[in-house]
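First the structure, in the form of structure tokens, and then the observations on it.
The values are calculated or read from the model by the stated rules, or taken from the named source; none is laboratory data. The structure displayed is predicted, hence computed values, not measured ones. Note: ideal-geometry Cβ built from the backbone for every residue, glycine included; neighbour counts use all protein chains shown.
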Amino acid sequence: MDKILTYDSIYEFNKDFGIETFHPLINIVDIATVLSVVIEGKHCFHFYEICLKDCNCGVIRYGRNTYDYQDGTLLFFAPRQIIDMEDSPEDTPKGWVLMFHPDLLRGTHLGSNMRNYTFFSYDVNEALHLSQQEREIVLNCFRNIEAELKHAMDSNSKELIVSNLELFLNYSKRFYERQFITRSHVQTDTLSRFEHILNRYFHSDLPKRQGLPTAKYCADKMNFSVDYLSDLLRKETGKSTSEHIQQHLIEAAKERLFNTQKTVSEVAYELGFEYPQYFSRLFKKRVGMTPGEYRVQA
């Protein structure tokens, strides 16, 4: 098994790479400073890392797949994720790395809302590709944070640093929403692929063997993270992954209820329900009548 190089703190990381520490919980560094001496292999950082890459400067794998990045790309890494780095001799590394420890956010508004920045869970082929204007906005946010780090610490320092960090993350949310629209050529068939997966699932014996399909099952089949798939579907259709699964489940149930030789319980078991009463409850909630009432009406 490959050895994993682990960094528990930003200070420890800075020390290993000869980077000056202005604040023990957050730092911004020139990516050339880091990648010019980076050790190839697997790394684990116990803090958030965001890389603004301005060239193809090596292969980065997050999970099982290679990161989808190009010039002007933001990569988001959550704490304790395993990142596999491979150097590239073809290009000089350019860009910036923003790193911050979860402890920086304790007791702040941003700390209580970090779960809303779901792109930290986008773990395969889901980097954020920036326009030139967006890149300038990101760089301005980075410059503001860096200026605060180099300013003499006072009672306002933490609030200003965290506020600028939150501003940057909010811009990133906006840019990701833009990407869901403008990069539609990359994922034009996302919804049809998703529906195909569900159709095949419900028209097989998988429900009886494995139960109801989950968001993770669908995301894995599409090589997406759960959060990315959910955010993408919401942007395209206004519905979550779970809502789509329930919709397909109800349609499959309606088809089976036409077969009057099967009891409602048998239909429920075929669809993956362990308890038929759960199926009846969900069906009535979505359709407005019980499975038995629907069968009679149909």
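Would you check which residues across region 250-269 are touching a helix residue (DSSP H, G or I) at 6+ places or on another chain (Cβ under 6 Å) and farther than 14 Å from TYR294 by Cβ and list them? Hit for region 250-269 is SER265, nothing else. Is it true that some residue in region 121-137 is among the hydroxyl-bearing types (Ser, Thr, Tyr), in contact with a helix residue (DSSP H, G or I) (Cβ under 7 Å, 6 or more places away or on another chain) and farther than 22 Å from HIS109 by Cα? Yes; the residues of region 121-137 include at least one that is among the hydroxyl-bearing types (Ser, Thr, Tyr), in contact with a helix residue (DSSP H, G or I) (Cβ under 7 Å, 6 or more places away or on another chain) and farther than 22 Å from HIS109 by Cα.
LEU249 meets all of the listed conditions (1) under 30 Å from TYR176 (Cβ atoms); (2) touching a Gly at 6+ places or on another chain (Cβ under 9 Å); (3) without any contact (Cβ under 8 Å) to a residue 24 or more places away in the chain but one, namely (3). Out of all the residues in region 237-294, which are of a type in the set (S, T, N, Q) and more than 31 Å from the chain's Cα centre (by Cα)? Result: ASN259, THR260, GLN261, THR263, SER265, GLN277, SER280, THR290. Filtered by the rule that a residue be under 17 Å from PHE77 (Cβ atoms) and surrounded by 11 or more Cβ atoms within 10 Å (Cβ to Cβ), region 105-120 gives LEU105, MET114, TYR117, THR118, PHE119, PHE120.
Taking helices (runs of 4 or more DSSP H) as the structural unit, those lying wholly within region 152-241 and holding at least 2 residues that are in contact with a strand residue (DSSP E or B) (Cβ under 9 Å, 6 or more places away or on another chain) correspond to 157-182. If you go through region 252-280, how many residues are touching a residue at least 40 places away in the same chain (Cβ under 8 Å) and either assigned to a helix (DSSP H, G or I) or within 23 Å of ARG115 (Cα to Cα) (or both)? Residues in region 252-280 being touching a residue at least 40 places away in the same chain (Cβ under 8 Å) and either assigned to a helix (DSSP H, G or I) or within 23 Å of ARG115 (Cα to Cα) (or both): 6 in total.
Could you count how many residues in region 196-247 are among the β-branched types (Val, Ile, Thr) and closer than 16 Å to VAL267 by Cα?
Residues in region 196-247 being among the β-branched types (Val, Ile, Thr) and closer than 16 Å to VAL267 by Cα: 0 in total.
Out of GLU195, GLU134, GLU166, report the one residue that is within 22 Å of the chain's Cα centre (by Cα), outside the structural domain of ALA32 (by TED's automatic domain parsing) and surrounded by 12 or more Cβ atoms within 10 Å (Cβ to Cβ). Result: GLU195 is the single residue among GLU195, GLU134, GLU166 that is within 22 Å of the chain's Cα centre (by Cα), outside the structural domain of ALA32 (by TED's automatic domain parsing) and surrounded by 12 or more Cβ atoms within 10 Å (Cβ to Cβ).
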